[in-house]
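Worksheet: one structure, shown below.
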Amino acid sequence: MDRPATASIRTFKEHVYCVYQAVWNPKHSDVFASASGDCTLRIWDVRQPNSTMLLAAHDFESLSCDWNKYDVCLIASSSVDKSIKVWDVRNYRVAVALLNGHGYAVRKVKFFAS
């Protein structure tokens, strides 16, 4: 049976609020991260039935995330709480860096190679 062109291959459903962004890991093609209004980041491996990591990232909605393309164990997140955090997925219980000082919600975070 042929699927319609708009059919989903798979749906990942664990966040309890909307997902604002999902980004693929630049080195591991089966891994992606998602940032959600439920204040979390989730790390997913498409070979697994469920998310592989849950990061309690922020006190308010997590709006975006981005992998570091030179160190694929690092991921940054941004939030309505006006902060950016950097996480190491090898030890993800505590952020390795916290950047405060924004006057408004940080709607987008992106690693930039200089």
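Quick notes on this structure:
- Size of charge dipole - the chain - debye, nearest 20, with Cβ of Lys, Arg +1 and Asp, Glu -1, no other charges: 180
- The solvent-accessible area of residue 9, taken with every protein chain present and a 1.4 Å probe, is close to 150 Å².
- Backbone phi angles across region 44-61, fed through the Karplus curve with coefficients 6.51, -1.76 and 1.60 (θ = phi - 60°), yield HN-Hα couplings of 10, 10, 5, 7, 9, x, 9, 4, 9, 8, 10, 9, 6, 6, 9, 7, 10, 3 Hz in residue order; Gly and Pro are listed as x.
- Between the amide H of residue 58 and any residue lying 5 or more places away or on another chain, no distance stays under 5 Å, with hydrogens modeled in the peptide plane.
- Given their separation in residues at 0.36 nm each and the Cα-Cα distance between them, residue 50 and residue 22 gain 8.6 nm when the chain is fully extended.
- Shape category assigned to region 35-90 from the gyration tensor of Cα positions, a/c cut at 1.5: oblate
- When the charge dipole of region 2-114 is built from unit charges on Cβ atoms (+1 for Lys and Arg, -1 for Asp and Glu) and taken about the Cα centre, the candidate among 40, 94, 112 whose Cα reaches farthest toward its positive end is 112.
- Over every Cα atom in the chain, the radius of gyration and the widest Cα-Cα span, Dmax, amount to 14.6, 55 Å.
- Accessible carbon and sulfur surface of region 8-114 relative to its total accessible area, %, 1.4 Å: 54
- Placing a pseudo-label 7 Å from each Cα along the Cα-to-Cβ vector at residue 108 and residue 9 gives an inter-label distance of 2.6 nm.
- When peptides 22-31, 91-100, 39-48 are sorted by average Cβ neighbour count within 10 Å, with the highest value leading, the order is 39-48, 22-31, 91-100.
The values are calculated or read from the model by the stated rules, or taken from the named source; none is laboratory data. The model shown is predicted, which means the values in this text are computed figures rather than measured ones. Cβ coordinates were reconstructed from backbone atoms using ideal geometry, including for glycine residues, and neighbour counts include every protein chain displayed. For the accessible areas, the whole protein counts, side chains as well, though only heavy atoms, and no ligand, DNA or RNA atoms are used. Shrake-Rupley method; radii C 1.70, N 1.55, O 1.52, S 1.80 Å.
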